[in-house]
Each structure stands twice: as structure tokens, then as C-alpha cells.
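Chemist: Structure incoming, see below.
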Amino acid sequence: MMEIFTPEGFSALMQVIAIDLVLAGDNAIVIGLAAAGLPREQRAKAILVGIIAATVMRIGFALIATELMGIIGLLLVGGILLLWVCWKMWRELREGHADEERAEEALTGEDINADGLVAAGGPRKTFSQAAWQIVIADVSMSLDNVLAVAGAAREHPTVLVIGLVLSIALMGLAATFVARLLNKHRWIAYVGLAIILYVALKMIWEGWHDVGPAVAGVIGG
């Protein structure tokens, strides 16, 4: 527990908190966008399904995160995956403000842009289409979240546990609040994006040093 009060441990904890905030908010926006295509009376049910699915998947991935990180080569693959997540988040931050407003309206049930409608303007869906879209997105984003947290706190077990518990709590209890916070204060998302990029590059660097000797041995042999 005392490692949190070391400079390295505290730095890792701050990185993990920023990662959890940004990725929980991003996941909530995806859930809200999928639910926005449903009739008003079905939205709350779809959002609940999405939040429960994301919470369960984060718990599942968290249980095997430390074991996964011990596999040679997975750290490198995880870093490359996080680079793709960074690119996707960058595009969403640059282009997707209208979509984020619609997602937030679906999550909160409020007419945020004052157009007289709540979460209007997107394609219509059936409940099963929205539910499958949410679950598939949850699988990817839950893995992204666990990889990012494990990458940032890999050498600090206490920080890793705190980060994974916080990730589950944010998704299960405060997803709507986090989505609204990020939509209102965009700079938080950019700071989180920069931290995830740093973690991705660090994972690639360290992962290559794990894989490099094995690759050299195969080539040399």
C-alpha cells in the first residue's frame, strides 16, 4: 500500500485515474449512441444492459490482466492496440461533438441542445440491434481499459488493483456523470488521450525489449 506514496507509485496512480475517466466516459458515449437509435421507452433498458455488460467484462478481464501481462509478446501487442485506441479517440474528439451530444441526451433523458427533441437525428434500430452493438463495443473497450491500466501500473500491484476497481466503479455507478463531465470539459479527454498515448509507447518499448532477444535467438539459430 505504501507504494502509492512514492513518486513513481503516485505518478502511476494519477495516470490510471485519467485513463479510467476517459475510457469510462468513451464507453458510456458509445452506449448512449447505440441507445439513441431506440424509441424513448427502450433507451433506459438498453443503457442498463450496456453498463452491466461493461462492468462484468471489466471484472473478467481484470481477473486475468496480470497473468496476461506476463506472456512474452503480449505487452507489445497491447501497446499497438492502445495506439489504435488513441487514433480512434483522436478522431472522435475532432469530429464527433454532435454525436456526443446525442449520446448524452440518450443517457440523461434531457434536451441538451434545446432543439425540442431528445437524442434525435440518428438511424433507428431494434432493441436487439442496439444491444448487440453495445455488447460488441463493450468487449473491445473493456479490454482497452484493462490493458491501459495494467500497462500504466504494471510495476505497482497496489495501483493496478486500485485502477481496476476504479474502472469497474466508474462504469457501474457513474458512467453518465463521467460522459457529461467529458462532454463539458473537453480538455480532460485530451489529457487522458496524451496519457494513453504515453502508456502505449511505453508498452511497445518495453514489449519489444521482452520480444527482441527471443526474435534475435530465432534469427541467429
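The values are calculated or read from the model by the stated rules, or taken from the named source; none is laboratory data. If you're wondering where the values come from, they're calculated on a predicted model, not measured in any experiment. Reconstructed Cβ throughout: ideal geometry from the backbone, glycine too, with neighbour counts over all protein chains shown. Calculation scope for accessible area: heavy atoms of the full protein, side chains included, ligands and nucleic acids excluded. Shrake-Rupley method; radii C 1.70, N 1.55, O 1.52, S 1.80 Å.
Chemist: Would you list Ile19, Ile52 from the most to the least accessible area, probe 1.4 Å? Don't jump to the answer; show the numbers that get you there.
Modeler: Values: Ile19 0, Ile52 95 Å².
So, going from the largest accessible area down, we get Ile52, Ile19.
Chemist: Something else: Would you list which lysines come within 28 Å of Lys45, measuring only between C-alpha atoms, while excluding same-chain residues fewer than 8 positions from it?
Modeler: Within the straight-line limit of under 28 Å, Lys45 reaches these lysines: Lys88, Lys125, Lys184.
Chemist: Something else about it: May I ask you to derive the FRET efficiency for Leu63 and Gln42 from their Cβ-Cβ distance with R0 = 22 Å, giving the value to the nearest 0.05? Show your work: numbers first, answer last.
Modeler: On the way: r = 32 Å, r/R0 = 1.45.
Rounded to the nearest 0.05, the efficiency is 0.10.
Chemist: Continuing with the same structure: Any idea of Lys45's accessible area? Nearest 10 Å², probe 1.4 Å.
Modeler: Surface open to solvent at Lys45 totals about 130 Å².
Chemist: With θ taken as phi - 60° and the coefficients 6.51, -1.76 and 1.60, list the Karplus ³J(HN,Hα) couplings across segment 19-36 in order, rounded to whole Hz; mark glycine and proline as x.
Modeler: Each residue of segment 19-36 in turn: 4, 4, 4, 5, 6, 5, x, 5, 5, 5, 5, 4, 4, x, 5, 5, 6, 4 Hz.
Chemist: Please list Ile29, Ile162 from largest to smallest accessible area, probe radius 1.4 Å, with all protein chains kept in place. Kindly include the intermediate steps, with their values, before the conclusion.
Modeler: Working: Ile29 20, Ile162 60 Å².
The most accessible residue leads, giving Ile162, Ile29.
Chemist: Compute, for Glu155, the solvent-accessible surface of its heavy atoms (probe 1.4 Å) with the complete set of protein chains present, and express it in square angstrom to the nearest 10.
Modeler: Ignoring ligands and nucleic acids, Glu155 comes out at about 130 Å².
Chemist: Hey, another quick one. Just by accessible area at a 1.4 angstrom probe, what is the order of Leu166, Leu38 from largest to smallest? Walk me through the numbers on the way to the answer.
Modeler: Details: Leu166 55, Leu38 0 Å².
Ranked list, largest accessible area first: Leu166, Leu38.
Chemist: Now a separate question. Might you work out the accessible area of Tyr190 for me, using a 1.4 Å probe with all protein chains in place, and round it to the nearest 10 Å²?
Modeler: Its accessible surface works out to 80 Å², give or take rounding.
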